[in-house]
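The values are calculated or read from the model by the stated rules, or taken from the named source; none is laboratory data. From a predicted model like this one, the values you see are computed outputs, not experimental measurements. Cβ sites come from the backbone with ideal geometry, for glycine too, and all protein chains shown count toward neighbours. These accessible areas exclude ligands, DNA and RNA; they are computed on the full protein's heavy atoms, side chains included. Shrake-Rupley method; radii C 1.70, N 1.55, O 1.52, S 1.80 Å.
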Amino acid sequence: MQKQLKRILSLLLTTAISLMAPIAIAEGGQGDQSRNETLKQAFIAQYGKRFDTGELLSYIARTYKQIDLDGQGLTREKIDLFEKIYAAKARMAVAMRYLPYDLNADGIVDHEEAETVIKANLRIVGEPDRRTRQSLKQRLDRLFKDDPNKDGRIEIQEYGTLFKMSGRKRGDQRKDHSIVANALLAQDPDKDGLLTHAEAALLIGSAFQGVTIKPQSSARAAASCKVPKRTKDEELILLGAYQGKKTPSLTLVGQDKETFTGKLVIEPGSNPLYLAVTVHSPVVWRLEGAVERIKHLVVAGPRQKSGKIAAGVMGLDASKVSFLSEPDCLRYFYKIGNIKMSTSVAMAKQTFGTKPTIVHGLYSVDAMSLPSGKNIGRRDDPRLLRSGPIMMDKGGAYRVIDKKGKKVIEMLDARKLLGFGEPNMQDSYVRLDKAKVVSEAPVEDYATLPGKLGLVQLVKQGALERISRREYRILKKIHIPAGLHGANSARFLLKAGVPEPVGDPGHSCVFSEDKGQAIAGHC
């Protein structure tokens, strides 16, 4: 039943502008025009900074379906119930921030309880040093900074106040939903207190007939979104991704952050291609195959503080590459069919003057064949450095173990593990020549490779000694590899007398033998 209602409403909203709106305008009088203008201005005032017309109508439809629980239409009672349920859930989210510190379950969290829990989480035993005391104070200050009456106690009666305060800070989503529902219900054509699907579609179609709502920054974006003109015979392809799959030997964002790389293989064909790629993380795109088909490549990606795009291109002449440094030109996506993709397609239409004829999305690009979009890269395999555990034997050899931790799949020496001198090695490392990279961001070689590759590199150099699967002893001053977050994090034991490491430890922990305590990272 719910799916059927969803299809019906989507159909009504889709056809409202083209079919129903002209009828409403033709039959209506001055009252209808005034009503349409009121509704239009309400939505433009609320959403004009974020949505174009198509996105706005889609958002209205989703909100309508979220509140109209039985599919019969909007009423005041349904809106009120939605607001109460949303508020209750939001208050619970606020409460969950403080309940883990309520050790005696009396509904009150004070400084003593919070400090006890934080010390336990940080594994602080005994009297902390100055640096640890400062970190402890900062955590306590953050926890109690919104204390409504500033008495150093968060009581259960204060959760409602904390919820209202957090709602103002984050831009309460419930307010957005209520504005949509209330604005529609207020314009109920027959004033019977029930706004049906057909009435809602008629209102929206009438109000937004011929209207284009542009983002607030569109004037600024238009100046920065200038791209080479596309000819009619050039097929516009849009590719979205979160990151590349492999690790290059160079970085676009400095030594403390990860850069990735992905390969785009252009298929043979007669028609020319105009390619636009957008990605979340810093990536060097390596183009191969029939690259002569590409008339132009437009690249969007993360921006550095300088405003430059942290992206690079290899295999294509610099005259055929443009970088979009303005976020309102083209935003990243990687899932096909979701809101982010729809937003990026709408932006592409505004930037390039036409909708893409082909759209592809992939979370992590190893190698993709275009225009087909076929993923031709290697799938995750236990032999890849980023998956199965790597066990070190005496003498510098490594055993690659399968996912069950039993069978030895392959024996590798350190040079082969890094891909040096092994052109057929297709693990997760790619050696690149920075002189051949087209980029507006500075390009430099990694001194220490990021992630697990960097750990292997430091072991090979004698700067690290492996203690166990994720623990290492630091024997020399090192630069901690970038990207040691989540499952890639490690624990480091700094040998007595060795200088403290430099770099960002990410989610890793550095423990000092000299001081007998953690000195950096998440411990």
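Observations on the model:
- Centre separation in Å (Cα based) which lies between the range 82-99 and the range 319-335: 38 Å
- Counting 0.36 nm for each residue step from residue 103 to residue 461 and taking away their Cα separation leaves a gain of 124.1 nm.
- At an R0 of 35 angstrom, the distance between the Cβ atoms of residue 280 and residue 495 translates into a FRET efficiency of 0.40.
- When the C-alpha to C-alpha distance is required to be over 27 Å, the pairs from 232/434; 340/374; 232/305; 436/477; 349/434 that qualify are 232/434; 232/305; 436/477; 349/434.
- Counted residue by residue at 0.36 nm each, then reduced by the alpha carbon distance between them, the extension gain from residue 433 to residue 290 reaches 49.4 nm.
- Sparse-neighbour loop sites [trypsin sites (Lys or Arg not before Pro); the range 78-141; at most 12 other C-beta within 10 Å; DSSP]: 123
- What the range 424-518 shows is 47 Å² of accessible area per residue, with the surface traced by a 1.4 Å probe over protein heavy atoms.
- In this label model, residue 130 and residue 229 are separated by 6.6 nm, measuring between points 7 Å along each Cα→Cβ vector.
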